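Student: Mind having a look at this structure? Questions to follow.
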Amino acid sequence: MTDTRRSGAETRERILAVAREHFARRGYDRTTIRAIASEAQIDPSMVMRYFGSKEELFTAAASIDLALPDLTTVPEGDAGRVMTAHFVRTWDSEGTLMALLRRAASDPQAAEQMRGIFATQVAAAVAPLCPDPAQAARRAALVATQLLGIALGRYVLDLPPIVEMDAEEIVEWVAPTIDRYLTADPAQLPRP
C-alpha cells in the first residue's frame with residue numbers, strides 16, 4: 001500500500017486546482033466547499049483551514065497570470081493582432097478568468113481583482129509600445145475595454161453574432177482597433 005498523504009503545499013495546490021475547475025464550470029454561486037473538498041478527497045474543514053472562506057478561496061483561485069506576449073518583439077503593425085489573438089485564446093481556455101468576469105459584473109471585490117489583473121498586466125505589456133509614456137494607462141484601459149467587451153458579449157451574454165464568429169474572424173475585426181490604441185500617434189488623438 002502506497003502512502004497517499006500529501007504535504008500542506010500539495011494539498012493547497014490540489015484544492016486550488018479543483019476550485020478553479022468548479023468555479024469555471026459552475027460559477028461562484030453554484031460552487032460549494034463540500035463539492036470541492038469531495039473532489040479533492042479531503043474534509044471540507046481542510047478547505048476552510050487553508051483558505052478561510054469561499055470568498056478567499058475564489059480570490060486565490062482567480063489569481064491569474066495572463067501570460068501576455070512580449071509585444072516589443074512583434075513586427076510593427078501586428079501588436080493588435082497578437083494581443084487580440086492571445087486574449088481570444090485565453091478566454092476560450094481559461095475558465096477561471098471567465099468566472100471572475102461573470103462575478104465582477106455584480107461583486108465589487110471581484111471587480112477590483114479584475115481591475116488589478118488588467119491594470120498591472122495589460123499596462124505592463126502596453127507601456128513599451130506607447131509613443132507617449134504618459135498615455136500608457138489610458139491606452140491599456142482602452143485595450144482592456146475592447147477585450148473585456150468581447151468576452152462579455154461572447155461568453156457571458158451569448159450575443160449570437162459574436163458567438164457564431166470563429167476566433168480568427170474576431171481577431172480580424174478587433175485587431176485594428178487594438179493596434180490603434182497601442183500605437184497611434186499622440187498628435188492624432190483627441191485631447192482631454
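Student: At a Förster distance of 25 Å, what's the computed FRET efficiency of LEU157 paired with ASP132, Cβ-Cβ distance as r, to 0.05?
Tutor: So the FRET efficiency works out to roughly 0.15.
Student: Here's something else I'd like to know. For MET48 and ARG180, compute 0.36 nm times the residue count separating them, minus their Cα-Cα distance, and round to one decimal in nm.
Tutor: Fully extending the segment from MET48 to ARG180 adds 42.9 nm.
Student: Note down the relative contact order for the chain as a percent, whole number, built from C-alpha pairs under 8 angstrom at least six residues apart.
Tutor: 23 percent
Student: Contact order normalised by length for the range 55-163, with contacts defined as Cα pairs under 8 Å and 6 or more residues apart; what percent is it?
Tutor: 24 percent
Student: Using 15 Å as the cut-off for backbone N distance, which residues of the range 34-50 belong to the label zone defined by a point 7 Å from the Cα of ASP107 along Cα→Cβ?
Tutor: Counting backbone N atoms under 15 Å from the label point, the list is 34, 36.
Student: Right, here's the next one. Would you please give the FRET efficiency between GLU13 and ALA187, computed as 1/(1 + (r/R0)^6) with r the Cβ-Cβ distance and R0 = 41 Å, to the nearest 0.05?
Tutor: For R0 = 41 Å, the calculated efficiency reads 0.25.
Student: Would you mind working out the magnitude of the charge dipole of the range 26-106 relative to its Cα centre, with +1 at each Lys and Arg C-beta and -1 at each Asp and Glu C-beta, to the nearest 20 Debye?
Tutor: Roughly 420 debye for the range 26-106.
Student: Okay, moving on. With +1 assigned to the C-beta of every Lys and Arg and -1 to the C-beta of every Asp and Glu, and no other charges, what is the dipole magnitude of the range 27-167 about the Cα centre in debye, to the nearest 20?
Tutor: 280 debye
Student: Give me the percent relative contact order of the range 112-164, please, defined on Cα pairs under 8 angstrom at least 6 residues apart.
Tutor: The normalised contact order for the range 112-164 reaches 25 percent.
Student: Report, in order of residue number, the helices in the chain meeting two criteria: a C-alpha extent of 20 Å or more along the helix axis, and a mean Kyte-Doolittle hydropathy of at least 0.0; treat each whole DSSP H run as one helix.
Tutor: Within the chain the helices that satisfy the rule are 136-151, 167-183.
Student: To continue, here is another question. Report the charge-dipole magnitude of the range 7-66 in Debye, nearest 20, computed about the Cα centre from +1 at each Lys and Arg Cβ and -1 at each Asp and Glu Cβ.
Tutor: So the magnitude is around 180 debye.
Student: Moving on. Given the convex hull over the Cα atoms of the range 35-99, what projected area results after averaging over all orientations, in nm²?
Tutor: 5.7 nm²
Student: When N counts the residues of the chain, how does its alpha-carbon radius of gyration compare numerically with 2.2 N^0.38 Å, as a ratio?
Tutor: 1.19
Student: Apply the Karplus parameterisation 6.51 cos²θ - 1.76 cosθ + 1.60, with θ equal to phi minus 60°, to every residue of the range 128-134 and state each ³J(HN,Hα) to the nearest whole Hz, in sequence, with x for glycine and proline.
Tutor: Karplus-based 3J(HN,Hα) across the range 128-134 equals x, 8, 5, x, 10, x, 5 Hz.
Student: I'd like the FRET efficiency for THR32 and TRP173, computed as 1/(1 + (r/R0)^6) with the beta carbon distance as r and R0 of 45 Å, rounded to 0.05.
Tutor: 0.70
Student: Out of residues 5 or more away from THR31 or on other chains, whose amide H comes under 5 Å of its own, with H placed 1.01 Å from N in the peptide plane?
Tutor: Residues meeting the amide H criterion: none.
Student: How large is the accessible surface per residue of the chain, computed with a 1.4 Å probe and reported in Å² as a whole number?
Tutor: 55 Å²
The values are calculated or read from the model by the stated rules, or taken from the named source; none is laboratory data. Bear in mind the structure is a predicted one, so any value in this text is a computation, not a measurement. Reconstructed Cβ throughout: ideal geometry from the backbone, glycine too, with neighbour counts over all protein chains shown. With ligands, DNA and RNA removed, areas are computed over all heavy atoms of the protein, side chains included. Shrake-Rupley method; radii C 1.70, N 1.55, O 1.52, S 1.80 Å.
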